[in-house]
Amino acid sequence: MELKPPRGTDDLLPPISDAMLGLYEAAHRTARLYGFRYVETPTFEHTELFARTSGETSDVVTKEMYTFEDKGGRSLTLRPEQTASIVRAYLANAHDLPTPFKGYHVSPQFRYDRPQAGRLREFRQFGIETIGAAAPAVDVEVLAVGDRFLRGRGLAKVELRVNSIGDGECRPAYREKLIAYLEPHEAELDEDCRTRLRTNPLRVFDCKVDGKTPLVLGAPVISDNLCQPCAEHFAAVRNGLDAAGIAFLHDPRLVRGLDYYTRTAFEFVSGALAQAQAALGGGGRYDGLAEVLGGPPTPGVGFALGLDRLLVALREEGASLPGALGPACFVVTIGPEAGEVGARLVGDLRNAGIPAVIAFEERPLKAQLRMADRSGASYAAIVGEREVAASTAILKRLSDGEQEQVPIGDVVNWLSRTDWAAER
Ligand code: HAM
């Protein structure tokens, strides 16, 4: 039996699982600070949902979906992203939900991608969506949440890049203009770029080989070709970001890999990661998405941040990871009498809300102290025969071995006065 998990997936175990949990908790806190409500949707959906919304020529749909037929002959797909699911769920339940609806998720996504550092087949995202509001202030708020979350984690090398990719009014004409510019040079483009030129010309700016050649860099850009309403919206978003003190760069060649975007498109890019995995997160507006699903016109905007990638970036930057979450106290006892005292102590600690553990079987002192260390505990409370006789315990700080004798009745108070979570 193979014990390694499938390629591109990870077992999250302490201390990495603690760090991930720290990110989840920060995500919940940050989203709720802005009034976003927690949302869960199914892990798999009808394949059609993603095929229709991500775009038939997108990498997600052409290469990366985990699609299978269930026993009832339905084509289902493990969700490669969350936006389409949340909009679907919103449309199905709109009458019961407030407008605009502000929802967030912290959840695994699945893409059949080539695994490498920061690129997995099962990965975790924190995302938010505001559905039912078109004002530029909504885009600004969404960006503010992402910016606050990333900076709050201690990242320094992160840049917000913003663009507008227009809408159904202005993008078709721009598309023709871009094709007219590139077509005479088609032979100079690599195969990937040539395919994009035919299927989704804006994605030429994203080509791995030719995306940065003088030819592509010289191409007309969408943000110079916006219709009046899109241009005004984009100007208002930029002014709003300035007013909110959120640093950003207008990147006129920023395009997104999913097809549902209109107007605002953005990415949070890490300067600490290899270019192919540098996007810590991305998002934008998707004012036409609800209609693709057969719903009424319903504007929306949101983002998703890759949490696995964020952990890699934190490590690369040398930032401290969210702390390990071992118990406050490991109760070590020697002898049957001490065992009883210890069992009472561990109960008292838990009743006082202080995480505590105790060995289940009698072990020598040294072995129990080793267990205490491995448990990730901050302190060991040692009760031997001498301590039982004196009604005391020895409290030993495991990070540096410093210890103090404390009356057994004072252990709970003593530990509640220490900053035990910071002592590891
Ligand atoms: P996305 O750009 O496809 O957008 O993914 C967002 C983030 O998820 C990426 O920037 C990256 O950090 C992470 N990510 C994507 N693929 C992988 C992978 N294979 N391994 C690890 N991390 C990955 C979306 O998913 C949209 N739903 C965002 C959105 C929300 N747009 C509007 N609302």
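Readers should treat all values here as calculations from the given coordinates under stated rules, not as data from a laboratory. Quick caveat, the model's predicted, so the values are computed rather than measured. Please note: Cβ atoms are built from the backbone with ideal geometry, for glycine as well, and neighbour counts cover all protein chains shown.
Worth pointing out:
- Helix axis angle, 171-182 relative to the chain longest principal axis, alpha carbon, degrees: 80
- Between 0 and 90°, nearest 10: helix 307-317 axis offset from the chain longest Cα axis: 80
- Using a Gaussian network model of the chain in which every pair of alpha carbons under 10 angstrom is joined by a spring, one finds that among His185, His46, His105 the greatest mean-square fluctuation is at His185.
- What the phi angles of region 399-408 give under the Karplus curve with 6.51, -1.76 and 1.60, with θ = phi - 60°, is a coupling list of 5, 10, x, 5, 9, 8, 8, 10, x, 4 Hz, glycine and proline written as x.
- Rg over Rh, two decimals, region 228-368 (C-alpha only, Kirkwood Rh): 1.30
- Rounded to whole numbers, the Karplus 3J(HN,Hα) couplings from phi for region 277-286 are 10, 6, 6, 6, x, x, x, x, 8, 9 Hz, using 6.51 cos²θ - 1.76 cosθ + 1.60 with θ = phi - 60°, and x at Gly and Pro.
- DSSP loop GluC sites (Glu not before Pro) with at most 15 other Cβ within 10 Å excluded, longest remaining stretch of the chain: 170-360
- For the chain, built as a Gaussian network whose Cα springs stay under 10 Å, the top-fluctuating residue of Pro172, Pro201, Pro220: Pro172
- Coordinate range of the alpha-carbon atoms in region 274-336 per principal axis, descending: 72, 35, 13 Å.
- Orphan Cys of the chain, criterion: no other Cys C-beta under 4.7 Å: Cys230, Cys329
- Reciprocal of mean inverse Cα separation for region 300-424 (Kirkwood radius, Å): 15.8
- Taking 0.36 nm per residue of separation and subtracting the current Cα-Cα distance, fully stretching the chain between Arg363 and Lys63 would add 102.5 nm.
- Residue-averaged 222 nm ellipticity for the chain, from DSSP H runs of 4+ at -39500 (n - 2.57), nearest 500: -10500 deg cm²/dmol
- In summary, the convex hull built on the alpha carbon positions of the chain has an orientation-averaged projected area of 26.3 nm².
- Under 20 Å from the Glu169 label point (7 Å along Cα→beta-carbon), backbone N, region 217-257: 221-240
- Antiparallel bridges, percent of DSSP beta bridges restricted to the chain (to nearest 5): 80
- Distance cut-off 28 Å, percentage of C-alpha pairs in region 1-153 lying past it: 28
- Two-site label geometry, Asp192 and Glu56: point separation in nm, points 7 Å out along Cα→Cβ: 2.3
- Under Karplus coefficients 6.51, -1.76 and 1.60, residue-wise ³J(HN,Hα) of region 127-136 in Hz, glycine/proline x: x, 10, 9, 10, 10, x, 9, 9, 5, x
- Gyration tensor (alpha-carbon) shape descriptor, region 195-295, a/c threshold 1.5: rounded
- Region 19-91: equivalent-ellipsoid semi-axes (sqrt of 5 x gyration tensor eigenvalues, Cα, Å): 28, 14, 13
- Between 0 and 90 degrees, the angle of helix 16-33 with respect to the longest Cα principal axis of the chain falls at about 60 degrees.
- For region 24-103, trypsin sites (Lys or Arg not before Pro) are listed when DSSP marks them as loop and at most 16 other Cβ atoms sit within 10 Å of their Cβ; the list is Lys71, Arg74.
- GNM top mover of Leu258, Leu349, Leu160 - the chain, alpha-carbon springs below 10 Å: Leu349
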